[in-house]
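What follows is a set of notes on a single structure, which appears directly below.
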Amino acid sequence: MRFCSLRSGSSGNAAYIGYKDVHILVDAGLSGSTIEKSLESIDVNPCSISAILITHEHNDHIKGAGVLSRRYNIPIYANEATWASMENLLGEINCDNKRFFKTGEDFTLGDVRIRPFKKSHDAVEPVGFSFFCGQNKATIATDLGYISRGVAANIMDSDIVLLESNHDVDMLINGSYPWTLKKRILSPHGHLSNKDAAEAIKKFIKLKSIGKIYLGHLSQNNNKPEIAYKTVTDVLKEEGIDYEINIALRYAESDIVEI
Ligand SMILES: [Zn+2]
Ligand SMILES: [Zn+2]
């Protein structure tokens, strides 16, 4: 299994997962050309992408999906509600490339089993994804207001996790956003704070049920990579836990993980 977060944050999200001859793009929330260049930088030919999976219809997750689908004849997978709300934003998509999955029901692409799972966010039917490749599992869970039991169960036993660590609560509350937006971000349908990510990671590590961790979807205005990193590692240190924490970057590819 090969994993790389290509970009992460409100300016655009895309992640790559590869296994054998299957090459998957999770979200395509940047321009088509940025994603092409990013894939090429990790030695993935955009022509070889087997599928684009969409987590939810927000622009930072779908911006380049239509362009890439048309340019390389790539199928786009989303649940029905997400298709209904994003379809007119993608431009014309060939009927053969309009694919559906059901939230909570596994489906396969070649030897990769994919589980789209429910999460809480202010979109019509947002999902996270777990990928099962041979003995290994990777999970992507960003854009979520809180970690429900269901989300936790899906993160459990993942060798690679991309988990949201969106904001520092003090920075958000004291920052310049209008109160309605602050309330939206802090709500159970908003985004996960550094502290909430830290507490969840602590639990997963104590249960020995997590592998390589990436913190992602960091807010540009209400967070900094060093603050997210410090918040998480401080919570772990209080428990005497020394663990490698990685950051999925806003404008660059993260390290590629191969397992
Ligand atoms: Zn987002
Ligand atoms: Zn979103």
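Values quoted throughout were computed directly from the atomic coordinates according to the rules given, and no laboratory measurement underlies them. Just so it is clear, the structure is predicted and the values come from calculations on it, not from any experiment. All Cβ positions, even for glycine, are placed from backbone atoms using ideal geometry, and neighbour counts span all protein chains on display.
For the stretch 69-86, name all the residues that are more than 22 Å from T142 (Cα to Cα) and not β-branched (V, I, T). S69, R70, R71, Y72, N73, P75, listed by residue number. When I35, I42 are screened for being within 13 Å of A252 (Cα to Cα), among the aliphatic types (A, V, I, L, M) and in contact with a Cys (Cβ under 8 Å, 6 or more places away or on another chain), only I42 passes.
Only one entry in I52, I42, I24 is within 16 Å of ligand 1 (Cβ to nearest atom) and either among the aliphatic types (A, V, I, L, M) or within 24 Å of F132 (Cα to Cα) (or both), namely I52.
Scanning the stretch 20-44 for residues that are among the hydroxyl-bearing types (S, T, Y) and without any contact (Cβ under 8 Å) to a residue 60 or more places away in the chain returns S31, S33, T34. Screening the stretch 100-124 for residues that are more than 14 Å from the chain's Cα centre (by Cα) and small (G, A, S) and picking the one that is nearest to ligand 1 (Cβ to nearest atom) gives A123. Are there any pairs with C-beta distances below 6 angstrom linking a residue in the stretch 120-135 that is farther than 14 Å from G190 by Cα to a residue that is of a type in the set (S, T, N, Q) and more than 12 Å from ligand 2 (Cβ to nearest atom), with the two at least 6 apart or on different chains, and if so which? From residues that are farther than 14 Å from G190 by Cα, the pairs are S130/T139; S130/N154. Tell me yes or no: at least one residue of the stretch 54-65 is more than 16 Å from ligand 2 (Cβ to nearest atom) and either in contact (Cβ under 8 Å) with a residue 24 or more places away in the chain or touching a strand residue (DSSP E or B) at 6+ places or on another chain (Cβ under 8 Å) (or both). Checked against the condition, which is being more than 16 Å from ligand 2 (Cβ to nearest atom) and either in contact (Cβ under 8 Å) with a residue 24 or more places away in the chain or touching a strand residue (DSSP E or B) at 6+ places or on another chain (Cβ under 8 Å) (or both), the stretch 54-65 yields no hits at all.
For the stretch 59-99, the candidate set comprises residues that are within 16 Å of ligand 1 (Cβ to nearest atom) and surrounded by fewer than 19 Cβ atoms within 10 Å (Cβ to Cβ); within that set, the residue that is farthest from G32 (Cα to Cα) is S85. Would you mind stating whether D196 is among the charged types (D, E, K, R) and either in a loop (DSSP other than H, G, I, E, B) or within 26 Å of E125 (Cβ to Cβ) (or both)? For D196, the condition - among the charged types (D, E, K, R) and either in a loop (DSSP other than H, G, I, E, B) or within 26 Å of E125 (Cβ to Cβ) (or both) - is met. Of all residues in the stretch 1-11, those being within 16 Å of ligand 1 (Cβ to nearest atom) and buried (at least 24 other Cβ atoms within 10 Å of the Cβ) number 4.
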